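Data first, discussion second: the structure below is written as structure tokens.
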Amino acid sequence: MPLVLLLAACYNRPAPSTAASEPVISTPVSAAPSDTEPAEQATLAIDKDQTAAVGFANPADYSWNLVSQGYAQPLLATHAGDGSGRLFIVEQQGMIAVVENGQRLAEPFLDIRFEVGSNGNEQGLLGLAFHPDYENNGYFYVNYTGLGGNTVISRFQVSADRNVADVDSEAPMLYIAQPYANHNGGHIEFGPDGYLYIGSGDGGSGGDPQNNGQSLETLLGKILRIDVNVDGPYGIPADNPFISGGLNEIWAYGLRNPWRFSFDTATGDLYIADVGQGEWEEVHMLPAGTGNGANLGWKYYEGTHPYEGTPPDGLELDFPVVEYDHASRCSITGGYVYRGASLPEWNGIYFYGDFCSGEVMGMYQGADGAWNSQVLWDTQALITSFGLDEAGELYLVDRNGGIYQLQANN
């Protein structure tokens, strides 16, 4: 089935819920408008008749308020960790914009449209991660689909102007051949250990026809882990699990199409949202210090449900902690655990969403060890990503062109 980045017309998307009368509106931050993108509403339409969820703050007391707009198919919002407070917005066709002091800058931070293949709905500039020491070395990393359809992981460096990257500084690090145009994965993120983690899909088509998810002889269907602080393109961390058998870069496997993963900034726990085949969407949580060599089950299982084949005796699988079916949804978008200061009542909640329904959900692990998940808001957004700023505040990225921040109504 089509996944995260497919156009809304490809789905039987449920009608958006009606906003309550006189919704709370926050004044949107000034942003450079686009001539081709529709104007964004200042607050996402939300069903405010929902009751408060047990264990969560009352969602009716909060709104997703527009803070920047006019982007062409935005896929990610992130920060550089350099003390500047800037937001960086990734656009699918191959551009990265900067929002500084609430203003979207006219000149892009990076424009590599000339080398990005974005004709497929799941292709394009898909990931961005800043080096933990970016403030000093100026290095950042991108994950994009090349013109030939294959995945490219490259390093760039900022220029003398901190708001403009040196496009000629590109240092390609890793190529992954893609047999089909979908399931490119695309997310990259530095872990608490300083290594770069890379999410790759199973290569596409449907049903993983090449069994890439379970094979240790391909980089497809994996979470990869590499060391970028070495001479040469990259190194292999000494404790990567398959150095003595399999490809050295592999850290975890058995994935279909991880669309956003993140580390809890307080605990180091890793949350992975994996897009399902036709029935089930799933979230895995690998506690800090675990996950090295984990098999997340695809395609033996879709979520916790048998899909194809029988695992060999003795093969241990890591099952999702939360899953949901396709009754009214179709494609998960992973997010972040909230650790900001502005909304302490949401501390420790992992936020995620569904691209098709526009619902934003939250989950947490109770004292009894059970995981609790709840739909918190029903928006009209095509949720391609969530994001954090440098202060840990939470954002939602709408494929229609807007960036929204979760804020209290008062």
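The values are calculated or read from the model by the stated rules, or taken from the named source; none is laboratory data. Here the structure is a predicted model, which means the values were calculated and not measured. Cβ sites come from the backbone with ideal geometry, for glycine too, and all protein chains shown count toward neighbours.
Quick one: would you say Arg256 is buried (at least 24 other Cβ atoms within 10 Å of the Cβ), within 18 Å of the chain's Cα centre (by Cα), basic (Lys, Arg) and outside any strand (DSSP E or B)? When the stated conditions are applied, Arg256 passes them. Among the residues making up region 178-192, those that are in a loop (DSSP other than H, G, I, E, B) and either touching a strand residue (DSSP E or B) at 6+ places or on another chain (Cβ under 8 Å) or surrounded by fewer than 16 Cβ atoms within 10 Å (Cβ to Cβ) (or both) are Gln178, Asn184, Gly185, Gly186, His187, Gly191, Pro192. Among the candidates Asn410, Asn400, the residue that is in a loop (DSSP other than H, G, I, E, B), at pLDDT below 95 and not aromatic (Phe, Trp, Tyr) is uniquely Asn410. Residues in region 275-283 include none that are more than 30 Å from Trp371 (Cα to Cα) and either among the hydrophobic types (A, V, I, L, M, F, W, C) or not in a strand (DSSP E or B) (or both).
Among residues of region 231-248 that are closer than 16 Å to Thr218 by Cβ and touching a residue at least 12 places away in the same chain (Cβ under 8 Å), those with a Cβ under 7 angstrom from a residue that is assigned to a loop (DSSP other than H, G, I, E, B) and aromatic (Phe, Trp, Tyr), sequence gap 6+ or separate chain, pair up as Asn248/Phe242.
Of the residues that make up region 110-118, is at least one of a type in the set (Val, Ile, Thr) and over 23 Å from Trp259 (Cβ atoms)? Checked against the condition, which is being of a type in the set (Val, Ile, Thr) and over 23 Å from Trp259 (Cβ atoms), region 110-118 yields no hits at all. Within region 352-381, the set of residues being assigned to a strand (DSSP E or B) and among the aromatic types (Phe, Trp, Tyr) comprises Tyr352, Tyr364, Trp371, Trp377. Among the residues making up region 307-347, those that are surrounded by 13 or more Cβ atoms within 10 Å (Cβ to Cβ), assigned to a loop (DSSP other than H, G, I, E, B), of a type in the set (Gly, Ala, Ser) and at pLDDT 95 or above are Ser331, Gly340, Ser342. Using the structure shown, decide if Gly199 is part of a strand (DSSP E or B) and not hydroxyl-bearing (Ser, Thr, Tyr). When the stated conditions are applied, Gly199 passes them. Restricting the first member to region 250-265 and to residues that are under 22 Å from Glu308 (Cα atoms), and the second to residues that are of a type in the set (Phe, Trp, Tyr) and surrounded by 24 or more Cβ atoms within 10 Å (Cβ to Cβ), the beta-carbon pairs closer than 7 Å and six or more apart or on different chains are Gly254/Trp298; Leu255/Trp298; Arg256/Trp298.
Of all residues in region 80-90, those being surrounded by fewer than 22 Cβ atoms within 10 Å (Cβ to Cβ) and out of contact with any His (no Cβ under 9 Å at 6 or more places or on another chain) number 3. The single residue among Ser205, Ser169, Ser200 that is without any contact (Cβ under 8 Å) to a residue 24 or more places away in the chain and among the hydroxyl-bearing types (Ser, Thr, Tyr) turns out to be Ser169. The residue that is surrounded by the most Cβ atoms within 10 Å (Cβ to Cβ), counting only those in region 218-236 that are of a type in the set (D, E, K, R) and touching a strand residue (DSSP E or B) at 6+ places or on another chain (Cβ under 6 Å), is Lys222. Taken over region 284-306, residues that are closer than 11 Å to Tyr253 by Cα and either assigned to a loop (DSSP other than H, G, I, E, B) or acidic (Asp, Glu) (or both) amount to 8.
Checked against (1) more than 28 Å from Leu376 (Cβ to Cβ); (2) modelled with pLDDT of 95 or more; (3) more than 22 Å from the chain's Cα centre (by Cα), Tyr62 passes all but condition (1).
Among residues of region 145-165 being part of a strand (DSSP E or B) and in contact (Cβ under 8 Å) with a residue 60 or more places away in the chain, the one that is nearest to His187 (Cα to Cα) is Arg155. Picking from residues in region 382-397 that are in a loop (DSSP other than H, G, I, E, B) and touching a Ser or Thr at 6+ places or on another chain (Cβ under 8 Å), the one that is nearest to Cys356 (Cα to Cα) is Glu393. The set of residues from region 119-146 being surrounded by fewer than 22 Cβ atoms within 10 Å (Cβ to Cβ) and within 17 Å of Ala97 (Cβ to Cβ) comprises just one member, Phe130. Filtered by the rule that a residue be closer than 22 Å to Val142 by Cα, in contact with a Gly (Cβ under 7 Å, 6 or more places away or on another chain) and of a type in the set (S, T, N, Q), region 197-228 gives a lone residue, Ser200.
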